[in-house]
Structure formats: structure tokens, C-alpha cells
Amino acid sequence: MTAQTLYPAERGNLRLSFEYFPPKTDEMEAQLFQTAEDLSVFCPAFMTVTYGAGGSTKTRSLTTVKRMIEEKGFANTAAHLTCVGAPKSEVDTVIDEFLSFGVRHFVALRGDPQGGIGSTYQPFPGGYESSSDLVRALRDRGDVEISVSSYPEKHPESPDVDADIDMLKRKVDAGATRALTQFFFDNDDFERYLERVRRAGIDIPIVPGILPINNLGQVQKFAGLCGASVPEVIVTRLAHLEDQPTERFKEATHIAAEQIVDLARRGVRDFHLYTMNRSPLITAVLDLVGFERADETAQSEHVALKAVAGAAA
């Protein structure tokens, strides 16, 4: 299957969202905002900004989200939030700060253990013990969207998929309105997972996380840490191109575009793309699938409508 087999009528039905992370330097900050500007032509339903483990990027996250909304006009920016390494009072203060400059959508996560991925998670004394507790606290704040995480190949700390889905159900019962998945590359894994989620009575949108592969080695390493897998067929397609950047870029573009097309054929309509704060590969993938770019007028109207929606929330 190739990306070109997706008909225009089907493409028009698809919705996008993008994930960014807070920059560490002025140069990275410039790259982030340029990337967000570049990708805004695809009129994403929302964009998210991550929040480091234990609040390690708290200040940068707050600053980035604030600038996204107030300076760049992206009123549909969602803020990640974790409950690791902080008492409830501190987390509540951060929530209030986000709300004060217009955030109306949160991505509520437990967060990685303070000792790093692979270490044992311990709730912070006096803090929120789990993501479902954090979801409940956000729901008590009123009319906000709350996205949470989900794992087509199981969270690495879960004993089995059933336990993982039970955890997702607790988050939904607490008030979650959407789940964004960990990245995956085998669409059969996602489809099987979705079937089990629906059988468990969970009916919120489960949005697949798509990670176009900029660097195969890095993605393999990260996949190993977070319980995801990189199929051998993808490794075979990319590994021999490590010293051919142009061909590697083209092949990575086709791999991600083919995944989106196949998911759309299976009925998926929402896609969450992990951008790594870079636009070229994301743009190439979306162009290959056939997503239309908004013209300048339509793009301005989209931003204005999002601003109105944010003000009314």
C-alpha cells in the first residue's frame, strides 16, 4: 500500500495533533516555534507541550505553553502534567498557572519514576499517587479536556495487557476524555488493543501516536525503554540507508505515510504525531498522505476560531 491510495474524500475526514517538548536553549526555542509555525498550515486540532519527569522542565513548560497561546496565537495548546516528585499543593499551583493564561486541555500523566525508566515508581509524599488521581483533580477544576496515555503494546511496568486496560478504565472513570497512545509501528497491535479496550467498555477516542523515524538507532533505544517494538521489516528498510541521508529521509517518509494510510483504511480518523520539534519529516509525511495545507486566509481564520473557543472555555 502507498500513501497515494488514500482518496481525497477520506483525507478530508482526518484530524491531526502534534506533540512538542520544551526547548533547553535559545536556539532550540527558535526551532520549536518555527516548527509549530510550519506545521500550523495543517490546522491541527490541538498541540501538546511535554512536562519532564518530576517536573524537571516545569518552568520551561509553563513558559513555552504561555508563549504558544499568548504570543503565537495557538489557543489550542494543551499542557502535559505529571504527578511525580511534587506534593499536591505544588501541582495544584502549576494547574492554576496553566489555567490563568488560557489552557483548557491537559495531558495528565503519572510520569516516569524519579530514578528513571526501569526504576521502581514511588508516589511523592503528599502528592498525587497516580494518573487517575491527577485526572480527578483536573476534572474538579471544571470544563477542561483531559487526555491521558495508553499503550498498544502494554506499559513496561504493567504485568499484562488486562492490567494496563484496567488502569486506562480508572482514568476514564475519573474523567479522562481522550487517550493518546505510545508510538507503535505495527497497526495490527493497535487494532487488537483497540478491540480489547472497547470490550472493556471504554468508549473515549483512542488516538494513535505516530513517530516518523528521524534516527533509527535512537528510536530503537527509546522503544526498548518504553515497551514498544520496531518490526524487523522497518529495520530492514532503514538500516542500510544510514549513510544515505536523502534516501533514508524518503524511506522514513513512506513508512510513516503508509502507517497513517493503513490506519485510516481501518477507520481511524485522529492522529497524534510526535514531532521531536522538527518539521521537515512531519511535513513530508503529511504531504505524501495528501493532507491539504491551509492558505493564509484559512489559516488565520482557524487560529481566530481556536482563540474564540479558548476564550469561551
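The numbers here are math on the coordinates, done by the rules we state, and not lab data. This structure is a prediction, so every number in the text was calculated from the model and none was measured. Because the Cβ atoms are built from the backbone with ideal geometry, glycine has one as well, and the counts that use them run over all protein chains shown.
For a quick check: with amide H placed at 1.01 Å from N, whose amide H comes under 5 Å from Ala78's, ignoring anything fewer than 5 positions away on the same chain?
Those lying under 5 Å, H to H, from Ala78 are Met47, Thr48, Val49.
Mind listing the long-range amide H neighbours of Ser229? Cut-off is under 5 Å, sequence gap 5 or more, other chains count too, H placed in the peptide plane at 1.01 Å from N.
Phe185
What is the distance, in nm, between label points placed 7 Å from the Cα along the Cα-to-Cβ direction at Thr93 and at Ser130?
If labels sit at Thr93 and Ser130, their model points lie 2.8 nm apart.
Could you list, in their original order, any pairs among Lys24/Lys88; Lys72/Lys171; Lys88/Lys169 whose Cα atoms are separated by more than 30 Å? It would help to have the intermediate numbers written out before the result.
Numbers: Lys24/Lys88 26 Å; Lys72/Lys171 32 Å; Lys88/Lys169 23 Å.
Those over the limit are Lys72/Lys171.
Using the Karplus curve 6.51 cos²θ - 1.76 cosθ + 1.60 with θ = phi - 60°, what ³J(HN,Hα) values do you get for each residue of the stretch 126-134, in whole Hz, with x for Gly and Pro?
x, x, 6, 7, 8, 4, 5, 5, 5
Along the Cα→Cβ direction, 7 angstrom out, place labels at Asn214 and Gln31. What is the inter-label distance in nm?
So the two model labels end up 0.6 nm from each other.
Would you mind putting 150-161, 226-237, 68-79 in packing order, based on average other-beta-carbon counts within 10 Å, highest first? Each step should come with its number before you reach the end.
Working: 150-161: 17.9, 226-237: 15.3, 68-79: 21.0.
Those peptides, ordered most packed to least, come out 68-79, 150-161, 226-237.
Using alpha carbons only, how many angstrom separate the centre of the stretch 187-215 from the centre of the stretch 259-296?
16 Å
Around Ser150, which amide H atoms from residues at least 5 apart in sequence, or from another chain, sit under 5 Å from its own amide H, with H modelled in the peptide plane?
Leu180, Thr181, Gln182
By how many nm would the segment from Asp203 to Asp287 grow when fully extended, if each residue of separation counts as 0.36 nm and the alpha-carbon distance is taken off? Please list the in-between numbers first.
On the way: separation 84, 0.36 × 84 = 30.24 nm, distance 3.09 nm.
Computed gain between Asp203 and Asp287 is 27.1 nm.
How charged is the neighbourhood of Leu238? Take every other residue with its Cβ under 10 Å from the Cβ of Leu238, and add Lys/Arg as +1 and Asp/Glu as -1.
On the way: positive: Arg237, Arg248; negative: Glu242, Glu247, Glu251.
Neighbourhood net charge equals -1.
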